[in-house]
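Every number here is computed from the coordinates shown, using simple stated rules; none is lab data. These numbers come from a predicted model, not from an experiment. Backbone-built Cβ (ideal geometry, glycine too); neighbour counts: all protein chains shown.
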Amino acid sequence: MIIVHVCRQYYPSIGGLEGVVEELAKQQVASGHEVKVVTLNRLFGARHVGLRPREAVGGIEIIRIPFFGSERYPIAPGVLKHLRCADVVHVHGIDFFFDFLALTSLWHRRKLVATTHGGFFHTEFAARAKQLWFRTITRMSSRAYASLVACSLPDEDLFRTINPPALKLIENGVDTAKFRSMAARDAPAMLYFGRLASNKGLDRLLDWFAEVHRQAPEWTLTIAGRPSGILPAALRARASALGLNSAVTVIASPDNRRLATLISRASVYVCASTYEGFGLAAIEAASAGLFPVLSPLEPFKRTISELGSGHVTDFAPSAEEVGRFFEAWSRHSDDDRNAAIERACTSFGWGRAASEYAAVYEGVRPGIRKIGPVPIATMRRHETFAKIENHLERREPLMVAFCNAHTVNTARSNPDFAEAMQSALVLNDGIGVDLASRMLFGDPFPENLNGTDLTPALLENVRRPLRIFLVGGAPGVAEQAGRALGLRFPRHAIVGTMHGYFAPHERSRVFDTIAEAKPDLVLVGMGHPIQELWAAENFRRLSAVVMCIGAFLDYAAGVVRRAPAWVQRARMEWAYRLVNNPRRFAGRYLVGNFSFMFFVARQSLLGNRPAPADLRRPLPAPGQARSTRQAG
């Protein structure tokens, strides 16, 4: 799957939203997806700093686009040209991108998912205008999203008022391994890291810390983060006014290496925030072993409750309030610290959140599209290779089949063949099933995956040498194909060949011959539908990947010519075959295609339910003469 994340700020920016996007993208790359992040080409608070238009970090392609207007609502219509290949576009935050991609949804026609990240109610600025915008523009925009993900309980309550059907709660995961157990144990040092924003209560934190410092002058405070409405100079000026020049350090936009160093010198994490959707930084701090001292917000209270460690305070700069902090700090034992680290890592890690997002994407772009009784996977070539290679590495059996319009017609008429296709990874082949997918599901398949092209591409791209057995074709064809493939792909071993015209009583001998060769990959070209029935009967016992590849062996052996490349690119190979062999293919392509499209229209009218199977013709037994062959 190709996933495009869209967010205002990303690497090298540091903040909760950016961290969520980064960790989710990493999880998706590790799962074999192609992931891109489209973001703005300037950092808020440091717009003079130039960033590269494109770079790759951790396997994630970052695309940075220009913008104009306010940082609160930056205008960047250039996002559209970077969505063309996306299977899913995931918008982070309720901002220009959220509204603009909703407005242009009929133009770009991408599947949209959004994560709320607190909406835009972090501050009291223009509160009434924000409420009006939320109830009107945000409500209308949200209708264009196939799924709206609330990343916290407060967000779920807020967004339930405008878009209940598409709303789902997925609380943020946290990269709890990044700073795990790095904090100092007893150092008299406090640390805040996160955005330097008005909702973070940094002025109040400094006033409170002044009382801490008065009672215990050895204590220090470091404030580290990316400026987002509050400048470091303003914080330093306030610290100076409070007489804290030697005790307070303000660091702008530290990278993770610098932040790790700061954590290693501190023992307490402090956050006086007045608004938090989730409180990701507090959990990162707890996983590092920092003792969390947090304002009395519901997300923070819940975090401390789950950790079993920490202190809630309203950060009143009074001797009594600071005294309560010192009392809680003194009771915090090594056992409490270690237990909090373990709870942070097990309860808030990214595995859960990533799997829940995967389920959302699956619902947005279903992994299986059923056309008639045939379940066809919605996969791109690289996803297909990854799945097949995973089975090859683990020696887990897998049957791979290909479906075109004729396949669906056959499955409609014969339940044995339809049942065989339920056992397979079925890939889309040809323009007919693409048109059907548009009619039934609103989108074509991501790529055309016919077996004649996919098979050699797999042999070219698979990471390790394979043992390959070829079965199918007329006598002599498999042997010729084996020699040709051996020359073309010398790192693989052709461990056996056998023609496909064996009698029913020879089926056991054929299986034993293949099994004795211990192949990793069996290419079966016995013609449609015999090859699928044979593969469904035998692939599990072979513990191999068995691919039903139609006429690929005939093409590889050179006994049948493929259509010219320009005909293939035009997706008119069926017409070339019809012209060259009208007697064989007239029924399939003229009568069959009309029947197929009529059936698909009927399925669409029935609400995308397959019509009852029409049982007309029994299929020949394996080994009998076949009247039809399927080309990849």
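A few comments on the model shown:
- Shape of region 288-332, Cα gyration tensor, a/c cut at 1.5: oblate
- Once the Cα-Cα distance is subtracted from the 0.36 nm per residue extended length, the Asp255 to Cys85 segment shows a gain of 58.0 nm.
- Net charge dipole size for region 474-515 [Lys, Arg +1 and Asp, Glu -1 on Cβ; Debye, nearest 20]: 180
- Our compactness index for the chain, the C-alpha radius of gyration over the empirical 2.2 N^0.38 Å, is 1.20.
- Convex hull per residue volume in Å³, alpha carbons only, for region 372-605: 122
- Calculated FRET efficiency, Ser305 to Ser240, Cβ-Cβ distance, R0 = 56 Å: about 0.90 to the nearest 0.05.
- Taking the Cα centre of the chain as origin and assigning +1 to Lys and Arg Cβ atoms and -1 to Asp and Glu Cβ atoms, the resulting dipole is close to 2380 debye.
- Dipole-positive endmost among Ala474, Trp534, Ile549 within region 467-580 (Cβ charges, Cα centre): Ile549
- Residues Ile162, Ile388 arranged by fewest to most Cβ contacts within 10 Å: Ile162, Ile388
- FRET efficiency for the pair Arg467 and Arg571, taken as 1/(1 + (r/R0)^6) with r the Cβ-Cβ distance and R0 = 35 Å, rounds to 0.55.
- Residue exposure proxy: Phe68, Phe596, ordered by other Cβ atoms within 10 angstrom of their Cβ from fewest to most, comes out as Phe68, Phe596.
- Region 372-605, dipole about Cα centre (Lys/Arg Cβ +1, Asp/Glu Cβ -1), debye to the nearest 20: 380
- Computed E for Glu327/Glu419 - FRET, C-beta separation, R0 60 angstrom, nearest 0.05: 0.30
- Debye-sum result for region 189-348 in log10 I(q)/I(0), which assumes one identical scatterer on each alpha carbon, at q = 0.17, 0.19, 0.20 Å⁻¹: -0.99, -1.27, -1.42
- Contact order normalised by residue count of region 246-317, Cα under 8 Å, 6+ apart, percent: 27
- Cleavage-rule hits (trypsin sites (Lys or Arg not before Pro)) in region 440-523: DSSP loop, at most 16 neighbouring Cβ within 10 angstrom: Arg463, Arg491
- Volume in Å³ per residue [convex hull over Cα atoms, computed for region 2-169]: 114
- In the chain, the DSSP beta bridges split such that about 15 percent are antiparallel, to the nearest 5.
- Rounded to the nearest 5, the antiparallel percentage of DSSP beta bridges internal to region 2-169 is 20%.
- By the beta-carbon count within 10 Å of each Cβ, the least crowded to most crowded order of Asp99, Asp336, fewest first, is Asp336, Asp99.
- Hypothetical label at Ala56: residues of region 1-25 whose amide nitrogen lies under 17 Å (7 Å Cα-Cβ projection): 1-5, 25
- When the Cα positions of Ile137, Gln28, Val91 are compared along the charge dipole of region 2-169, Ile137 comes out farthest toward the positive end, with charges on each C-beta of Lys, Arg, Asp and Glu.
- Distance between the modelled labels on Ala46 and Val559, one decimal in nanometres: 6.7 nm (7 Å Cα→Cβ projection).
- Neighbourhood net charge (15 Å Cβ-Cβ; Lys/Arg +1, Asp/Glu -1) for Ile341: -2
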